[in-house]
1. Two decimals is fine: what is log10 I(q)/I(0) at q = 0.07, 0.08, 0.12, 0.14 Å⁻¹ for the chain, from a Debye sum with one equal scatterer on every Cα and no solvent?
2. So between Ile231 and Ala181, what do we pick up on full extension, going 0.36 nm a residue minus the alpha carbon distance?
3. Using only DSSP helix segments of four residues or longer, with each worth -39500 (n - 2.57), what per-residue ellipticity at 222 nm results for the chain after dividing by its residue count and rounding to 500?
4. Scaled to the compact-protein estimate 2.2 N^0.38 Å, what is the alpha-carbon radius of gyration of segment 101-181, rounded to two decimal places?
5. Where in the chain are the DSSP H helices whose alpha-carbon span along the long axis reaches 15 Å or more and whose Kyte-Doolittle mean is at least 0.0?
6. Which residue fluctuates the most in the chain, going by a Gaussian network model with Cα springs under 10 Å, if the choices are Pro35, Pro167, Pro95?
7. Output the Cα-based Rg and Dmax of segment 202-244 in Å, rounding Rg to one decimal and Dmax to a whole number.
8. Taking every pair of distinct Cα atoms and averaging 1/r, then inverting, what Kirkwood hydrodynamic radius in Å comes out for segment 99-244?
Amino acid sequence: MAGAARGIGRAIVTAFAERGATVWAGDLLTDDFAPLADAKHGSGIVHTAHLDVTDPDSIARLVATAAGDGAVDILVYVAGGVRGQSAQPIEGVSPADWQAIVEANLTGAFLCARAVAPGMKRAGRGRIVTISSRAGLVTSLTGIASYAAAKHGQVGLVKQLAQELGPFGINVNSVAPGFMATSPDYERQWASYSPERRAALAEGIAMRRMGTPQDIAYAVMFLASDYASWITGQVLPVTGSPLV
């Protein structure tokens with residue numbers, strides 16, 4: 001698991017562990033997920049480790065530890081977000097700011113998939129699930145061009161890897177959540193909305209409620225399970241509405 005400290009990532013870690021999985025949870029924010037470390041959750045267990053998804057060596061160390069003499073069974077890539085940035089006109093976006101978001105959302109997904117693929121190929125099976133976004137299918141409520149571009153790129157990566165890795169028994173899919181205030185960046189975005197806009201956002205969802213991290217965790221578990229063994233290269237929108 002890459003990006004496990006908060007919100008959606010933490011919910012996915014807990015959901016898998018509660019159902020008996022041994023989860024290796026990686027994140028830069030080691031203090032935030034310290035309570036998860038080496039803890040029993042149901043019949044499973046969670047191990048935590050420092051992980052920088054932009055550093056191939058950091059990724060390789062975690063994958064080697066998690067795989068042991070075998071292979072990683074499931075990779076879930078959650079890391080990303082807007083890296084503390086806010087919307088601004090494109091002429092005001094520096095190359096460094098653009099790259100920071102692309103590296104976390106797209107390049108990191110590539111590096112993590114690259115790291116687990118050899119072991120999965122040897123095993124003849126594997127599951128890779130990324131957390132993309134509604135912004136990877138349409139436009140982003142954040143208004144941040146690099147975020148929308150990176151998430152669209154991640155969807156393209158998922159489709160291409162599904163084609164490449166399918167012959168080895170490896171499924172590659174993505175879950176695209178709708179907006180939810182599950183990290184400081186998105187909490188700040190939510191706080192910037194008026195009460196009227198918040199109510200209108202929820203009322204504009206067919207299910208008439210905002211999503212939760214658990215909604216995303218359940219979708220990930222489905223795509224990682226044998227129930228999804230003939231599903232690959234797909235993006236599952238989990239938005240509470242038909243996506244238009």
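1. Listed by q, the Debye log ratios stand at -0.22, -0.28, -0.65, -0.90.
2. Fully extending the segment from Ile231 to Ala181 adds 15.1 nm.
3. Helix-only estimate at 222 nm: -12500 deg cm²/dmol.
4. Normalised Cα radius of gyration, segment 101-181: 1.14.
5. 7-18, 56-67, 108-123, 145-165, 213-224
6. Checking each option, the largest mean-square fluctuation is seen for Pro95.
7. Spelled out, the Cα radius of gyration and Dmax of segment 202-244 are 12.1, 35 Å.
8. 16.1
FYI, it's all coordinate maths here, none of it is from the lab. The model shown is predicted, which means the values in this text are computed figures rather than measured ones. Note that each Cβ is placed from the backbone with ideal geometry, even for glycine, and that neighbours are counted across all protein chains shown.
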